[in-house]
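Presented below is the structure to which this report refers.
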Amino acid sequence: MPEDQPFDLAGCLDRVRKRDQDAARDLVEHLHPLVIRIARAHLPRRVAEEDLAQEIFLKMFTRIDQYQGNVPFTHWVSRIAVTTCIDQLRAQKRRPELRWADLSERETQVLDSAVSNENDVAPDDALEARELVHKLLDRLSPQDRLVIQYLDLDQKTIAEISALTGWNQTLVKVRAFRARRKLQRFYRELTESERL
Amino acid sequence: MSTFDRTWRKLAAAARRTPPAGDESAPYGFSTRVAALAFAAQPPSPSAFARLSLRAAVVACLLAIVAVAVNFSAITGAFDDDSAVAANDDPIAEVINQGS
């Protein structure tokens with residue numbers, strides 16, 4: 001497909017419904033950045049991002065006849081991606097608890113610095129901070145994790161999260177509130193646990 | 001703001017600064033594989049003619065069942081009368097009857 005032409009989504013969907021494999025390939029190429037971003041953001045441990053993306057696309061093709069056009073197609077695909085990620089996260093066991101012993105030396109230093117220092121985390125420590133955030137998020141249920149991830153890491157609005165997940169805005173707010181309280185409890189458990 | 005809130009905000013802000021993980025375009029051959037798998041797993045959707053034929057067959061079956069139910073007594077009665085009719089038409093039975 002020429003790079004300079006806008007993607008004809010409606011035409012492509014029509015062709016996919018008629019089982020045109022070239023159209024299906026074009027659709028996968030077009031949607032891959034969207035799907036892989038969601039898969040990477042909510043990737044469970046021990047699951048390859050390509051496998052997860054493939055599962056999301058296969059679900060999309062299986063249900064493509066059910067798409068009525070009430071919401072933008074990208075939102076519809078996002079919902080499939082999000083629910084697939086949640087199912088995968090559900091299948092894996094949550095971390096039973098997070099203790100100092102689970103943190104690397106650098107992560108411990110970054111956490112100490114974030115607690116005691118008034119300044120922001122140094123740019124060099126961003127990767128460790130990210131790892132710490134994900135270790136805490138791994139303790140949440142898939143839905144709670146998803147809401148916090150969207151709000152605090154992806155900085156999406158409540159309305160955007162509602163559109164992406166299909167949950168109403170009140171539910172998103174309630175989930176976010178409860179998830180933060182749980183996160184706070186996990187953080188307290190971590191900081192009160194015995195250091196090695 | 002609590003210690004947790006402050007710490008969490010700092011950690012989340014730092015996590016947001018990490019570079020995005022790699023290329024977002026589909027790896028070579030990925031879209032071909034997914035398209036092939038999707039159509040291999042999916043049975044072709046039945047044509048309009050096939051769907052209409054299936055509905056017509058269901059309606060025909062229902063009509064047949066209703067017709068049998070409505071005419072059930074007539075059908076069973078017809079079989080009951082058969083033995084009498086057969087006996088009347090049987091010349092040997094007539095001879096035996098005349099002899100007795």
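The values are calculated or read from the model by the stated rules, or taken from the named source; none is laboratory data. Keep in mind it's a predicted model, so treat the numbers as computed, not measured. Don't worry about glycine lacking a Cβ; one is built from the backbone with ideal geometry, like all the others, and counts go over all protein chains shown.
B:P19 fails exactly one of the following numbered conditions: (1) at pLDDT 90 or above; (2) within 13 Å of chain A (Cβ to nearest Cβ). What is the number of that condition?
(1)
Is it fair to say A:S162 is in contact with a Lys or Arg (Cβ under 9 Å, 6 or more places away or on another chain) and among the small types (G, A, S)?
Details: in contact with a Lys or Arg (Cβ under 9 Å, 6 or more places away or on another chain): no; among the small types (G, A, S): yes.
For A:S162, the condition - in contact with a Lys or Arg (Cβ under 9 Å, 6 or more places away or on another chain) and among the small types (G, A, S) - is not met.
Of all residues being part of a helix (DSSP H, G or I) and charged (D, E, K, R) in the range A:36-55, which is nearest to A:R130 (Cα to Cα)? Just the residue, please. Explain how you work it out, then say what you get.
Start the filter on the range A:36-55 by keeping residues that are part of a helix (DSSP H, G or I), which leaves A:36-41, A:49-55.
Filter again for charged (D, E, K, R), leaving A:37, A:40, A:49-51, A:55.
Working: A:R37: 16, A:R40: 13, A:E49: 18, A:E50: 22, A:D51: 23, A:E55: 26 Å.
Here the residue is A:R40.
Considering each of B:P44, B:P27 in turn, give the residue that is at pLDDT below 70 and at the interface with chain A (Cβ under 7 Å from one of its Cβ atoms).
Working: B:P27 fails: at pLDDT below 70.
Among B:P44, B:P27, only B:P44 is at pLDDT below 70 and at the interface with chain A (Cβ under 7 Å from one of its Cβ atoms).
Please specify each residue of the range A:129-166 satisfying the condition of being part of a loop (DSSP other than H, G, I, E, B) and closer than 16 Å to A:L89 by Cβ. It would help to see each step written out before you state the result.
Going residue by residue through the range A:129-166, those that are part of a loop (DSSP other than H, G, I, E, B) are A:138-141, A:154-157, A:166.
Within the range A:129-166, A:D138, A:R139, A:L140, A:S141 meet the criteria.
Taking the range A:130-161, which residues are of a type in the set (S, T, Y), surrounded by fewer than 21 Cβ atoms within 10 Å (Cβ to Cβ) and under 14 Å from the mean Cα position of the chain (by Cα)?
Scanning the range A:130-161 gives a single hit, A:S141.
Restricting to the range B:1-42, name every residue that is of a type in the set (S, T, Y) and exposed (fewer than 13 other Cβ atoms within 10 Å of the Cβ). Talk me through it step by step, then tell me what you get.
Start the filter on the range B:1-42 by keeping residues that are of a type in the set (S, T, Y), which leaves B:2-3, B:7, B:18, B:25, B:28, B:31-32.
Correct list: B:S2, B:S25, B:Y28.
Looking only at the range A:48-97, count every residue that is within 22 Å of A:Q143 (Cα to Cα), away from chain B (no Cβ under 13 Å) and among the small types (G, A, S) and tell me the total.
Of the residues in that region, 3 qualify.
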